[in-house]
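The structure appears right after this line, and notes come after that.
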Amino acid sequence: MSTTTEERIDWRNLPPVTEPLRPDEDPEAAGARAFVPREDWVPSQTFLRQHDRCDRSAYLYMKYRGGAGGHELNRGGLFHETIDRCLRWLMERQSEVTYGGGDFAGDFVPGIEERDIQAMATVPPEVGREFLFEVMAENAHMQVPQHERDALRYMVDHWCRGTVFPNTIIGVETTFTVEVEGFRVLARADLVEDLGGGVCGITDWKTAFPPDSEEFTRQAYDREGRPRWAGNYQLNMLAVLAHFGVASDGLPLGDFQRYRLTLGFPRELKPEGIVRRIIEVDSLQLEAYREDLALQLRRLREVNLGEQRWQATPGNHCRECTAETECPLPPHLRAESEGARLDSIEGLEKAAVAVERMGARSRTLKARVKKSALLMEEENPGILTLPNGDRGVMCGKDIAFVFIPTEWETITDKAAYELHAQDVAAGVCPPEFERFRKLSQGTEFDKRKVQR
Ligand code: SF4
């Protein structure tokens, strides 16, 4: 884009997109360039989380139907499905003990004795392992590499050993829905419990590493110790939906005045169980959160869908963007997308992680460029010849990745080499160091200046 064109664009008020998002319309009526979600469109939790931070990233999320999968996403999906089965297994068993079997309807309410039994109940780790295997076998398309499968095994094991249920479980993988601003919004809770005294517990399992306790407190509570919306978008939305909406059976959840929202991290098992981060909100706060949600959905209806203007607003969240390369903002206007803020140790660490990941991605891409260039050269000899006679691929005005033949020597058996060196020094035998040396040849693909 030329500087003159860039100067004319109002970056804080971008024009409408040329490929509009038209939910609930027939694709033909919507026009050739429009894209229409496949089913009756309900803004999902993930869509709304993205939309809360950057309208354009939510648009890209829809355009690419959630974007490419990834190991982390698959890991989370497999873990949640496994724990769902574990919890249903546990509840069915308790239902059998109490009522002598029958179909589990998700509304098991144990008596005092059963409650004691339930409080002590856990899912045996071997049962968890079997479920995990079953879930992985049934979902072969959800690829996770070896180290993630290993992580899943130990997380399921931790979860089984470190999670007890002293409260009444009133829902597993329960979907709540509510109508806000003409949209039906839904969110799914991993576990819903009646904690007694008008308190409802909602838990979400996370397969990432937990934030440290202080960081979480800083994010989730203000200086006076009051919990705030910024704690976790997903949990707060769940609490709003659980309080004002209906559960999967079409009925309201119950008369709860407070909600204890928990993030459970099975990465770490402590003597007291898996690591948890907890925040508690009351119904008054939820009123305010519902108003926030209504404001957000009004923007979605009027500005985004109505005018097809999807503003791009950069920040640390850019790292989670579905299609960052389609962001209309040029990279120099979203410097934060390259990493975290650098004014705290957490920020520095996040940036360092981003650097490490970018480095790994760039190494992989470089290896692919090298391999593809060689294949291309096989079919078109001479195609890689650079202006100075070297072979390579230009990567700047006068700089290129150049193929450089290299040779290097390795010692095949270091211990034997050292023994031999000692023998030679002691005059026991003549030097025969060549026996331990191996000469290798290869081709490096390195950046060099190219004189035209
Ligand atoms: S890169 Fe950042 S600013 Fe651009 S669309 Fe994605 S999240 Fe929004």
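Here, each number is a calculation from the coordinates, and none is a lab measurement. Every value quoted in this text rests on a predicted model; they were computed, and no experiment measured them. Here the Cβ is made from the backbone with ideal geometry for all residues, glycine too, and neighbour counts use every protein chain on show.
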*Separation between the THR385 and ARG129 pseudo-spin-labels, each 7 Å from Cα along Cα→Cβ, expressed in nm?*
6.3
*Could the peptides 187-194, 256-263 be put in order, highest first, of the mean number of other beta-carbon atoms found within 10 Å of their residues?*
187-194, 256-263
_Along the Cα→Cβ direction, 7 angstrom out, place labels at LYS449 and ILE278. What is the inter-label distance in nm?_
6.5
*With a Förster radius of 45 Å, plug the Cβ-Cβ distance of GLU287 and ARG368 into 1/(1 + (r/R0)^6) and report the FRET value to the nearest 0.05.*
0.25
*Return the sequence-ordered ³J(HN,Hα) values of the stretch 124-132 in whole Hz as given by the Karplus equation 6.51 cos²θ - 1.76 cosθ + 1.60 applied to θ = phi - 60°, using x for Gly and Pro.*
x, x, 5, 5, x, 4, 4, 4, 4
*At TYR417 and GLU92, where each label point lies 7 Å from the Cα along Cα→Cβ, what is the point-to-point distance in nanometres?*
6.1
*So, in Å, what gap is there between the alpha-carbon centers of the stretch 239-268 and the stretch 388-452?*
63
*GluC sites (Glu not before Pro) lying in DSSP loop within the stretch 244-309, provided at most 14 other Cβ fall within 10 Å*: GLU272
*Net charge near GLY264: determine it from the other residues with C-beta under 9 Å of the C-beta of GLY264, scoring Lys and Arg +1 and Asp and Glu -1.*
+1
*Which net charge results for the neighbourhood of ASP204, defined as the other residues with beta-carbon distances under 13 angstrom from its beta-carbon, given Lys and Arg at +1 and Asp and Glu at -1?*
+2
*Which net charge results for the neighbourhood of VAL303, defined as the other residues with beta-carbon distances under 11 angstrom from its beta-carbon, given Lys and Arg at +1 and Asp and Glu at -1?*
+1
_Debye intensity ratio in log₁₀ form over the Cα atoms of the stretch 384-449, taken at each q of 0.12, 0.20 Å⁻¹_ = -0.52, -0.76
_Extension gain, LEU333 back to PHE209 (0.36 nm per residue minus Cα-Cα distance, nm)_ = 41.6 nm
*Gain on full stretching of the segment that runs from GLU324 to LYS438 - 0.36 nm per residue minus C-alpha separation*: 36.4 nm
*Could you go through the stretch 70-76 in sequence order and give the Karplus-derived ³J(HN,Hα) for each residue, using 6.51 cos²θ - 1.76 cosθ + 1.60 with θ = phi - 60°, rounded to whole Hz, and x for Gly and Pro?*
x, 4, 5, 5, 5, 4, x
